[in-house]
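Read-outs: derived from the displayed coordinates by stated rules, not from any lab. As the structure is a prediction and not an experimental result, all values here were calculated from the model. Neighbour counts run over all protein chains shown; Cβ positions are idealised from the backbone, glycine included.
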Amino acid sequence: GESVGLHLPTLSVQEGDNSIINCAYSNSASDYFIWYKQESGKGPQFIIDIRSNMDKRQGQRVTVLLNKTVKHLSLQIAATQPGDSAVYFCAEGSGYALNFGKGTSLLVTP
Amino acid sequence: GAGVSQSPSNKVTEKGKDVELRCDPISGHTALYWYRQSLGQGLEFLIYFQGNSAPDKSGLPSDRFSAERTGGSVSTLTIQRTQQEDSAVYLCASSLGGELFFGEGSRLTVL
């Protein structure tokens, strides 16, 4: 079946640095991609999404990049803060079906 | 309510017992999902409801798992004859299309 995976299971960055979390997907039919943030003991929270007709989308301190040629998705967090420490999941899908990756744990150190 | 509400937040049960997990979606959201998250793992799709359409049950791991959605709103996930491998966080999400809004989850521990 199709799969979504992450290159790095854990990422440690210093406060103030930029973070980049990567995700590979294999379903070329996917047309919708989302990043979620999950803090300990909580449900996933939406961060940003992107449709397949775009290759970049920016939010507040976050940017999502989509490279359909190599089926790669990345989340960039600018000026990472301690509150950004969490597990980040990418998800890809088409229609209502969303397939989630295993997540990357981001640890922000002072 | 303002968000997706799930209950109970924690459930400890003995192997072989049945459990029911409840989800109150955001009012007006037509789509409702159940996912399972095992420790340190990603989200495993279980079931999807959309309006009055037949649900997509393709993710249910066995016939011990079932779910209902009454009146297009509240949903109940039932696990019969629980096994230790059923221990996980069960997440419910609702949507109007696109972004999914998740609840805090129900943590199930089967002893």
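A few points about this structure:
- Here the label points at residue B:73 and residue B:38, each 7 Å from Cα along the C-beta direction, are separated by 3.6 nm in the simple model.
- Placing a pseudo-label 7 Å from each Cα along the Cα-to-Cβ vector at residue A:46 and residue A:78 gives an inter-label distance of 2.2 nm.
- Placing +1 on the Cβ of every Lys and Arg and -1 on the Cβ of every Asp and Glu, with no other charges, gives chain B a dipole of roughly 180 debye about its Cα centre.
- Residue-wise HN-Hα coupling along segment B:27-41, computed from phi with Karplus coefficients 6.51, -1.76, 1.60 (Hz; x: Gly, Pro): 4, x, 6, 8, 9, 9, 10, 10, 10, 10, 10, 7, 3, x, 10
- Close amide H pairs (under 5 Å, H built 1.01 Å from N) link residue A:107 with A:11, A:12, A:13, residues at least 5 positions away or on another chain.
- Simple spin-label estimate for residue B:81 and residue A:71 in nanometres, 7 Å along Cα-Cβ: 3.8
- Lysine pairs within the protein assembly as shown, Cα separation less than 20 Å, 8 or more sequence positions apart or different chains: 7
- Centre-to-centre, using Cα atoms only, segment B:33-91 and segment A:14-84 are separated by 26 Å.
- Exposure proxy shown here: for B:81, B:69, A:61, the number of other Cβ atoms within 10 Å sets the order, fewest to most, as B:81, A:61, B:69.
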